[in-house]
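Below: one structure, written as C-alpha cells.
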Amino acid sequence: MLYEFESILFQVENLEKFPSIEEQPFLYKYRARTLLQQLLQKTQDPLQQAIIHYQLGVNFLDCEENGESRKNMGKSLQLFSQIEDIENYLTYIQSIYNHLGFLAVNLDDNETGLAMLAKAERLGEYLIAKGDFEKRAFKIQGGFEKAQEFYTITLFYIAQAYTKLGIKDKAAYYCGQTMLRQFKSKTYELRDLVINCISLSEYYSGIWNFAQAFYLLLVGEAVIPEGKRKKLRATLQMAQGKVIGDMMSYCVDCIKSNQQNDPSLHKLFNKYSITFDSVNVKQLVFQPSKTFDDIKSLFRQSNTLYKKAMSVFVLDGFVTEHIQMLSEISIMYKVIMNLETDPNNIIAYLEKRLDLLLPVFNAINPKAYQNTYEKLLVEIAEINNELYEFIVKFNEIDDFQGGKSKKLTEKMNKACLNTIQYYQKIVEQLKLFEDKQRDSAYYSSITTAYFNIAKAQSKYYSKDNKIKVTYLVNSLNQYKQLVQFINQQNQQNEFQAVLQMCKEMIQILPSKIDRINYM
C-alpha cells in the first residue's frame, strides 16, 4: 500500500504541473483530484489520510472551490493531530495554518484568519530557529527549505490581512519582512518586487519617512538589469518624483507654520525601518527644507524625475500615466505658490498649470477616458477661477475702472470666460448622470459650478457698458436660478451659506446694473 500511495502522489504531482487548457483550465487538476479521492477510499492509515486531505485542500483551492478546500484542510489538521511522530510533519501543519488563515481572511473572518496565521508564524519561527541551530536540514517533510518557503508565505498572507483591515503599520512591517526574505532567497518576480517597493514607499512617504521611501525606490531600480525594463524603471522614477513632491509639500507646511527649524524633522525624515544589505544602495539622508530656495530645489528635482518618466510614458499610448504626472506637477505649482510673495509670479504659476493641462485635456477622448477627462475638467475650471479672482484683487479692477494694467485686465477677462466655459461643461457632465447619482457629491459639485459661473459673469470687465450690463444680467439670472434649484431640491440646510451669498448678490446687482445704464 505504501508503494501505491507514493506512486499515486507522484502521478498527482505531475498532473498538477501540466499547463492548463483555455477551454478546460482545471482539467488536469480534476484528474489529479479523482486519483486522490480514489486513494482516500483505499487507505485506513491516518497519516496517509492526513496527507491526502491536505493535497485535496490544495487542489480545491487551486480550482477556486474555497469551501471544499477549507473542509479538507481542517480534516487534515485533525488527522495530523493524532500522529505521534508529528515532528517529522510540521511543515504540513505550517502550510495548513497558512491555507486556513488565507481562506478565513478571504471570507472576512479576519479574527480567525489572523489567529491561524499567527500559529503559522510561530511554527515557522520554531522550525527556522531549530534548523539554524542544528546547522542542517532536520527530518521534516520537505526539509528546512520548505519551512523557509512556507514562513515567507505566512508573512505575505499576514501583510495582506493587515492591508485589508487598514492596519497600515503592521501591513508595512510584514510586507517589508516578506520582501527581505524573497530577496535573500532570490524567489521574487522582478515586477512584483518593484511594485512592492513602490507600495511600501508610498506608506513611508505618508508618515514622512522620506529617506526610507526614496531608498526603497532606489532598491527597486537597482535590481532592474541595466538597459532593460524601461517602463518598470519609468514607473519607479514616477514614484520618486512623487516622494520628492510629497516632501516639498510637507516642508512648505512646516515653513508656513514656522516649524522648519524643528530638530525632530531631521529624525522623522531619516527614520529607517527596512534596509537591503545585499543591494548596493546607500542609506540616504534628507535635510528638511527651510527656505523658499530649498523648496524650489525640491520642485526642480521632482520635475526632472517626472520628465524622465514621461519620456517613456508618452501621451500616445500611456494616457493615464502621462496625465497623472502632469497633474502632480500642477499640484506642485499650487503648493509652491503658498510661499510666493510676488503677484506676477503667482499669476505665472497659475498660467503654467494651465499650459500643462490644457493640451492634454483637448487631446484626449472624453468617452474613452471619462474619469481622467472629468478630473482635468474640474482642475482647469478651478485654476481659471483662481486666476481671475487673484487678478481682480491684485489689479484693483472694479465695475467702472479697468484696473492698473490693461494686459492683466485682458488676462482676467480671458480667465473669466474660461471659468464660465469650463464650469458650464461640468454642469453638462453632471446632468448626463443626474438621474443615477443625485447624492451629496452631485449637489455639491453642481451648486459650486452654478455659483462660480454667476460670480465670473459679474466680474467680466468691458468699457462697453452694454456688454458689461449683459454679463451682469446673466449673473443676476444665474444667482436666481441657483436659489430656485437649491429650494426645489430641498437642499437649503446643506447650502445655507451659498443661499445667503446668492440672496445678497440678487439685492446688489440690480442697483449696479442701473448705475451702469445711467452712465
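The values are calculated or read from the model by the stated rules, or taken from the named source; none is laboratory data. If you're wondering where the values come from, they're calculated on a predicted model, not measured in any experiment. Every residue, glycine among them, receives a Cβ derived from its backbone with ideal geometry; neighbour counts consider all protein chains shown. Accessible surface areas use protein heavy atoms only, side chains included; no ligands, DNA or RNA. Shrake-Rupley method; radii C 1.70, N 1.55, O 1.52, S 1.80 Å.
For the stretch 482-519, which positions are assigned to a loop (DSSP other than H, G, I, E, B) and either among the charged types (D, E, K, R) or within 47 Å of the chain's Cα centre (by Cα) (or both)?
Those that are assigned to a loop (DSSP other than H, G, I, E, B) and either among the charged types (D, E, K, R) or within 47 Å of the chain's Cα centre (by Cα) (or both): 489, 490, 491, 492, 493, 494, 495.
Looking for something open to solvent by 20 Å² or more (accessible area, probe 1.4 Å), of a type in the set (Asp, Glu), over 28 Å from residue 487 (Cα atoms) and at pLDDT below 90 - is there at least one such residue anywhere in the stretch 421-437?
The answer is no, given that none of the residues of the stretch 421-437 is open to solvent by 20 Å² or more (accessible area, probe 1.4 Å), of a type in the set (Asp, Glu), over 28 Å from residue 487 (Cα atoms) and at pLDDT below 90.
Please name all residue pairs, on different chains or six or more residues apart, with Cβ atoms under 7 Å, provided the first residue is in the stretch 1-30 and is closer than 21 Å to residue 65 by Cα and the second residue is among the acidic types (Asp, Glu) and modelled with pLDDT of 90 or more.
Listed pairs, sorted by first residue: 29/62.
On the given criteria, is residue 28 in a helix (DSSP H, G or I) and over 30 Å from residue 108 (Cβ atoms)?
yes
Taking residue 383 as meeting all but one of (1) out of contact with any Lys or Arg (no Cβ under 6 Å at 6 or more places or on another chain); (2) open to solvent by less than 30 Å² (accessible area, probe 1.4 Å), write down the number of the exception.
(1)
Quick check: is even one residue across the stretch 91-105 open to solvent by 60 Å² or more (accessible area, probe 1.4 Å) and either in a loop (DSSP other than H, G, I, E, B) or not hydroxyl-bearing (Ser, Thr, Tyr) (or both)?
Within the stretch 91-105, none of the residues are open to solvent by 60 Å² or more (accessible area, probe 1.4 Å) and either in a loop (DSSP other than H, G, I, E, B) or not hydroxyl-bearing (Ser, Thr, Tyr) (or both).
Can you pull out the residues in the stretch 456-476 that are part of a helix (DSSP H, G or I) and either touching a residue at least 40 places away in the same chain (Cβ under 8 Å) or among the aliphatic types (A, V, I, L, M) (or both)? Give the derivation first.
Filtering the stretch 456-476 down to residues part of a helix (DSSP H, G or I) leaves 456-459, 465-476.
The answer is 456, 457, 458, 459, 465, 467, 468, 469, 472, 473, 476.
Name the residue that is nearest to residue 102 (Cα to Cα), counting only residues in the stretch 36-86 that are of a type in the set (Ser, Thr, Tyr) and in contact (Cβ under 8 Å) with a residue 40 or more places away in the chain.
If we take residues in the stretch 36-86 being of a type in the set (Ser, Thr, Tyr) and in contact (Cβ under 8 Å) with a residue 40 or more places away in the chain, then 54 is nearest to residue 102 (Cα to Cα).
Okay, residues lined up against (1) in contact (Cβ under 8 Å) with a residue 24 or more places away in the chain; (2) assigned to a helix (DSSP H, G or I); (3) buried (at least 21 other Cβ atoms within 10 Å of the Cβ):
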| residue | (1), (2), (3) |
| --- | --- |
| 240 | yes, yes, yes |
| 245 | yes, yes, yes |
| 261 | yes, no, no |
| 265 | no, yes, no |
| 268 | yes, yes, no |
| 303 | yes, yes, no |
| 312 | yes, no, no |
| 323 | yes, yes, yes |
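Condition first: at pLDDT 95 or above, among the hydroxyl-bearing types (Ser, Thr, Tyr) and in contact with a Lys or Arg (Cβ under 6 Å, 6 or more places away or on another chain). Now tell me which residues in the stretch 62-116 satisfy that.
Within the stretch 62-116, just 97 meets the criteria.
Which of the following residues is open to solvent by 30 Å² or more (accessible area, probe 1.4 Å), modelled with pLDDT under 95 and either hydroxyl-bearing (Ser, Thr, Tyr) or part of a helix (DSSP H, G or I) (or both): 130, 139, 119, 170?
Matching residue, one of 130, 139, 119, 170: 130.
I'd like to know if the stretch 276-296 contains one or more residues that are modelled with pLDDT of 95 or more, open to solvent by less than 60 Å² (accessible area, probe 1.4 Å), touching a Phe, Trp or Tyr at 6+ places or on another chain (Cβ under 8 Å) and not in a loop (DSSP other than H, G, I, E, B).
Taking every residue of the stretch 276-296 in turn, none turns out to be modelled with pLDDT of 95 or more, open to solvent by less than 60 Å² (accessible area, probe 1.4 Å), touching a Phe, Trp or Tyr at 6+ places or on another chain (Cβ under 8 Å) and not in a loop (DSSP other than H, G, I, E, B).
Residue by residue through the stretch 191-211, note down the ones that are open to solvent by less than 50 Å² (accessible area, probe 1.4 Å) and in contact (Cβ under 8 Å) with a residue 60 or more places away in the chain.
Listed by number, the residues that qualify are 200, 204, 209, 210, 211.
Would it be correct to say that residue 47 is in a helix (DSSP H, G or I) and open to solvent by less than 20 Å² (accessible area, probe 1.4 Å)?
Spelling it out, it is not the case that residue 47 is in a helix (DSSP H, G or I) and open to solvent by less than 20 Å² (accessible area, probe 1.4 Å).
Just for the stretch 462-508: of the residues that are among the hydroxyl-bearing types (Ser, Thr, Tyr) and open to solvent by 30 Å² or more (accessible area, probe 1.4 Å), which one is nearest to residue 387 (Cα to Cα)?
In the first step, residues of the stretch 462-508 are kept if they are among the hydroxyl-bearing types (Ser, Thr, Tyr); the result is 462, 470-471, 475, 479.
Filter once more, so that each one left must be open to solvent by 30 Å² or more (accessible area, probe 1.4 Å): 470-471.
Working: 470: 22, 471: 19 Å.
Among them, the one singled out is 471.
Here is a list: 347, 336. Which entry is β-branched (Val, Ile, Thr), closer than 18 Å to residue 253 by Cα and open to solvent by less than 40 Å² (accessible area, probe 1.4 Å)?
When all the criteria are applied, what remains is 336.
Look through the stretch 212-231, keep the residues that are open to solvent by less than 20 Å² (accessible area, probe 1.4 Å) and within 17 Å of the chain's Cα centre (by Cα), and return whichever of them is nearest to residue 336 (Cα to Cα).
The residue in question is 213.
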